[in-house]
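Participant: Below is the structure I would like to discuss, written out as structure tokens.
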Amino acid sequence: MLSVMEIYQLTPKTNCKKCGLPTCMAFAVALLGKEKKVNDCPPLMEEAKYQAKREKLMEAMAPIEGASETGLIIHEDKCYGCGNCVVACPVNVANDPKGSALGFGPTNDKAILIVEDGIVKCLNVEECRRFGPNKILCNACTATCPSKAIEFV
Amino acid sequence: MMAICTGCSLLCEDIEVDFNEGKISTTKNLCRKGLGRYRSMYTERAIPRIDGREAGLDDAISRAAGLLKEAKRPLLFGWSNSTLEAQSAGLDLAQKLGAVIDDTSSFCQGELLEMVLKGELPSCTLDDVRNYADMIFYWGSDPSNSHPRHMSRFSYYPRGEKRQRGYDEDRRAYAIDVRLSPTASMMKEGFFKVAPGGDASFMESMLAALGGKIPRLQDKKKVIAMVNAMKRAEFGAIFPGLGLAYSMKGRMDILKRLVDGLNETSKFSVIPMVGHFNMRGFNQMLFEKTGFINRVSFADGVEHGPEESIIDASKSCDAALVIGSDPISALPGGLARSLAKIPTIVIDPHRTLTSELAQVTIPSALSGMEAGGSALRMDGVRIEFEPIVPENDLLPDLEILKRIAEAV
């Protein structure tokens with residue numbers, strides 16, 4: 001997964017403050033947290049000498065763009081629908097003690113993760129422990145994925 | 001609507017299927033393997049053929065009956081993808097014809113399953129594993145690939161009656177394999193890598209540790225710690241896969257010794273990781289009828305032996321009926337050559353390499369989707385299912401076998 005330092009290396013590193021943030025490092029953190037976008041950095045977009053960096057950054061940011069609000073990225077090509085994440089997710093278990101908790105598919109519509117058409121799908125993001133400012137860095141779903149098909153930004 | 005998946009021997013019962021204009025639109029809770037099975041309803045379907053040319057279904061069935069009638073020593077092979085009802089009809093047909101009958105277990109989990117059915121190895125149901133197991137062993141098996149929902153439905157992740165905290169604190173899992181498989185990568189510290197064919201020596205090491213000696217192989221402290229934990233386990237389950245079945249062929253007494261040794265202080269059960277959805281059904285049915293689980297000849301009473309397995313029987317038999325299996329693509333070339341020499345009849349929902357080479361191909365309905373019936377899950381629990389697409393013009397295996405039996 002992309003780290004802040006890797007993103008920082010692709011910024012202009014001039015701390016010009018044109019994006020509204022004090023440093024390029026702060027901009028890199030904001031990019032990773034999906035608070036800013038690559039085109040919020042005017043020098044990177046306008047100046048020709050940063051063209052190579054811009055293209056690399058766009059490419060590196062592409063998977064993060066598709067992440068949910070909690071930062072969950074699902075690689076559909078790697079997922080084989082085993083449902084480990086569905087059953088391991090503590091929120092699924094608490095909301096569905098007779099379904100997901102016992103290894104079955106979710107029996108109500110409160111589930112965060114479900115398997116649809118053989119691939120895991122993220123629903124009800126606001127229920128996730130990683131949602132909102134007071135998030136808990138739970139990783140029950142990613143840690144139990146045998147094919148590394150899901151990860152957090 | 002709710003459905004049962006016949007993609008592997010877990011026979012998942014919580015599948016939700018939605019239809020749009022007669023075709024499956026979305027499915028829920030189905031793993032990718034099961035989804036492949038459901039989607040296969042619309043691709044590569046077999047058509048009735050005689051000698052490579054398209055023919056009517058009735059002609060194909062009567063030709064098949066004719067070929068079996070003429071044969072002195074027919075071979076009936078396959079069965080692992082048929083319902084219990086079809087398998088029973090197949091057994092009756094084999095007895096009527098005096099045929100050789102064998103299924104895929106003769107080169108799969110047969111040896112282990114035989115020990116389980118004979119009561120030599122203790123076994124339990126998967127629901128027991130979910131409710132009580134605190135130690136789980138995947139030995140030479142990789143359920144992430146072979147039975148994707150095994151870990152999430154029954155063994156490691158779900159909460160059970162006595163295991164409310166699931167994998168977090170209540171269960172420990174170990175994987176013993178020749179490589180770090182996706183399943184083994186989930187076990188973190190519980191993975192032991194053995195050399196190909198080295199399962200028996202590793203098992204001896206565990207036996208040594210069990211007897212209070214120092215094990216010779218692997219990380220000695222790790223093995224001793226594992227065996228000590230096994231001795232204290234409340235309920236353990238071992239899931240041997242094909243890796244173990246092939247590596248320890250003919251030497252399964254070591255596994256029996258290990259399980260017996262462990263059962264002096266704790267409770268361990270063995271559930272073989274059966275592949276096809278109803279292989280155990282066939283083995284159990286034949287075992288109840290004849291005392292053998294596979295490789296049986298009805299030519300002169302009941303004979304059993306390696307010479308009745310498909311590998312040897314295809315050389316001595318003069319006709320073959322292959323149902324729900326594709327031996328030519330699954331088994332070595334020598335077998336393909338000997339099968340190609342004798343008249344072959346294939347009953348299968350799909351086109352396979354075997355059906356392409358067969359004299360007669362009879363298309364059948366897909367069990368679980370287009371045909372109902374019942375099957376035995378890998379732990380021997382009987383699961384019944386209804387068709388989800390009942391309106392189709394395909395005959396189920398049972399009907400085809402009945403019509404062949406009538407015509408013979």
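Nothing in this text is a laboratory measurement; each read-out follows from the coordinates by a stated rule. In this text the structure is predicted, and so the values were computed from the model without any measurement. Cβ coordinates were reconstructed from backbone atoms using ideal geometry, including for glycine residues, and neighbour counts include every protein chain displayed.
Participant: Place a +1 charge on the Cβ of each Lys and Arg in the protein assembly as shown and a -1 charge on the Cβ of each Asp and Glu, then give the dipole magnitude about the Cα centre in debye, rounded to the nearest 20.
Facilitator: 2280
Participant: Can you grab the distance from the C-alpha centre of region A:90-146 to the C-alpha centre of region B:210-234, Å, no decimals?
Facilitator: One Cα centre to the other: 37 Å.
Participant: If you take every DSSP beta bridge whose two residues both sit in the protein assembly as shown, what share of them, in percent to the nearest 5, is antiparallel?
Facilitator: Restricted to the protein assembly as shown, the bridges split so that about 45 percent are antiparallel.
Participant: To the nearest 20 debye, what is the magnitude of the charge dipole of region B:110-270 about its Cα centre, counting +1 on the Cβ of each Lys and Arg and -1 on the Cβ of each Asp and Glu?
Facilitator: Roughly 380 debye, rounded to the nearest 20.
Participant: May I ask you to derive the FRET efficiency for B:ARG32 and B:THR265 from their Cβ-Cβ distance with R0 = 35 Å, giving the value to the nearest 0.05?
Facilitator: Result of the calculation: an efficiency of 0.30.
Participant: Something else: Ranked by Cβ crowding within 10 angstrom, fewest neighbours first, how are B:LEU401, B:LEU180 ordered?
Facilitator: Ranked by crowding around the Cβ, least crowded first: B:LEU180, B:LEU401.
Participant: Over region A:4-65, what portion of Cα pair distances is larger than 12 Å, expressed as a whole percent?
Facilitator: When every Cα pair of region A:4-65 is considered, 62 percent fall beyond 12 Å.
Participant: Viscosity 0.890 mPa s, temperature 25 °C: give me the Stokes-Einstein translational D for the protein assembly as shown in µm²/s, with Rh taken as the Kirkwood radius over C-alpha pairs.
Facilitator: Rounded to a whole number, D works out at 94 µm²/s.
Participant: Separate question: Could you give the angle, 0 to 90 degrees to the nearest 10, between helix B:253-262's Cα long axis and the longest principal axis of the Cα atoms of chain B?
Facilitator: 40
Participant: Also, quick follow-up: Any chance you could check the Cα centroid distance between region A:1-60 and region B:110-179 for me, in angstrom?
Facilitator: Going from one Cα centre to the other spans 48 Å.
Participant: Considering only B:HIS150, A:ASN39, B:LEU10, whose Cα is most displaced toward the positive end of the charge dipole of the protein assembly as shown, charges sitting on Cβ of Lys, Arg (+1) and Asp, Glu (-1)?
Facilitator: A:ASN39
Participant: Straight-line reach from B:LYS96: which aspartates and glutamates have Cα under 20 Å away, leaving out those fewer than 8 places along the same chain?
Facilitator: Qualifying aspartates and glutamates at Cα under 20 Å: B:GLU70, B:GLU85, B:GLU288, B:ASP300, B:GLU303, B:GLU308, B:ASP318, B:ASP397, B:GLU399, B:GLU406.
Participant: How long are the three semi-axes of the equivalent ellipsoid for region B:260-347, computed from the Cα gyration tensor as the root of 5 times each eigenvalue, in whole Å, largest first?
Facilitator: Ellipsoid semi-axes (Å, largest first): 31, 17, 13.
Participant: Where does region B:34-167 land on Rg(C-alpha)/(2.2 N^0.38 Å)?
Facilitator: That works out to 1.48 for region B:34-167.
Participant: Here is a further query. Please report the relative contact order for region A:4-65, taking Cα pairs under 8 Å with a sequence separation of at least 6, and give it as a percent rounded to a whole number.
Facilitator: 31
Participant: Helix A:51-65 versus the longest principal axis of chain A: what angle, 0 to 90°, nearest 10, using Cα atoms?
Facilitator: Rounded to the nearest ten degrees, it is 20.
Participant: Test of understanding: ordering B:TYR156, A:TYR50, B:TYR167, B:TYR246 by Cβ neighbours within 10 Å, fewest first, what list do you get?
Facilitator: Fewest to most other Cβ atoms nearby, the residues stand as B:TYR246, A:TYR50, B:TYR167, B:TYR156.
Participant: Please report B:GLU16, B:GLU54 as a ranked list, fewest other C-beta atoms within 10 angstrom at the top and most at the bottom. Mind showing how you got there, number by number?
Facilitator: On the way: B:GLU16 15, B:GLU54 10.
Listed from fewest to most nearby Cβ atoms, that is B:GLU54, B:GLU16.
Participant: Run the reach check for B:LYS162 against lysines, Cα to Cα strictly under 26 Å, same-chain hits fewer than 8 apart removed. What comes back?
Facilitator: Straight-line reach from B:LYS162, under 26 Å: A:LYS98, A:LYS110, B:LYS188, B:LYS231, B:LYS267.
Participant: Relative to the Cα centre, what is the charge dipole magnitude of chain B, using +1 at the beta carbon of each Lys and Arg, -1 at the beta carbon of each Asp and Glu, and rounding to the nearest 20 debye?
Facilitator: Computed about the Cα centre, the dipole is about 1620 debye.
Participant: Right, here's the next one. Stokes-Einstein D for region A:58-114 at 20 °C, 1.002 mPa s, Kirkwood Rh over Cα pairs, in µm²/s?
Facilitator: Translational D for this selection: 171 µm²/s.
Participant: Under the rule a/c < 1.5 gives rounded, and otherwise a/b versus b/c splits prolate from oblate, where does region B:32-109 land using the Cα gyration tensor?
Facilitator: Judged from the Cα gyration tensor, region B:32-109 comes out oblate (a/c at least 1.5, b/c at or above a/b).
Participant: Give the calculated FRET efficiency between B:ALA330 and A:CYS16 to the nearest 0.05, with a Förster radius of 51 Å applied to their Cβ-Cβ distance.
Facilitator: For R0 = 51 Å, the calculated efficiency reads 0.20.
Participant: Once a ≥ b ≥ c are taken as the square roots of the eigenvalues of the Cα gyration tensor of region B:295-340, is the result rounded (a/c under 1.5), prolate (a/b larger than b/c) or oblate (a/b not larger than b/c)?
Facilitator: In terms of gyration-tensor shape, prolate.
Participant: Can you run phi through the Karplus equation (6.51, -1.76, 1.60; θ = phi - 60°) for region A:140-153 and list ³J(HN,Hα) in whole Hz, with x for Gly and Pro?
Facilitator: 4, 6, 6, 5, 9, 8, x, 10, 6, 7, 10, 8, 9, 5
Participant: For region B:334-408, report the % of Cα-Cα distances exceeding 21 Å.
Facilitator: Taking all Cα-Cα pairs of region B:334-408, the fraction more than 21 Å apart is 43 percent.
Participant: Which value does Rg/Rh take for region B:110-270 over its C-alpha atoms, Rh per Kirkwood? Show your work: numbers first, answer last.
Facilitator: Working: Rg = 14.5 Å, Rh = 15.6 Å.
Ratio value, two decimals: 0.93.
Participant: What percent does the relative contact order of chain B come to when contacts are Cα pairs within less than 8 Å and at least six residues apart?
Facilitator: 26
Participant: Same structure, new question: Which residue, chosen from B:LEU286, A:ALA28, B:ASN392, occupies the Cα position most advanced towards the positive end of the dipole of the protein assembly as shown, where the dipole is computed from +1 (Lys, Arg) and -1 (Asp, Glu) charges on Cβ about the Cα centre?
Facilitator: Of the listed residues, the answer is A:ALA28.
Participant: Tell me, rounded to the nearest percent, the portion of alpha carbon pairs in chain B spaced more than 28 Å apart.
Facilitator: The answer is 49 percent, as a whole percent.
Participant: Where a ≥ b ≥ c are the square roots of the eigenvalues of the C-alpha gyration tensor, would you call region A:31-153 rounded, which needs a/c under 1.5, or, failing that, prolate if a/b is larger than b/c, or oblate? Display every interim value, and only then the final one.
Facilitator: Working: a/c = 3.42, a/b = 2.22, b/c = 1.54.
The shape class here is prolate.
Participant: Tell me the label-point distance for the pair B:LYS222, B:ARG257, using the 7 Å Cα-to-Cβ offset, in nm and rounded to one decimal.
Facilitator: 2.4
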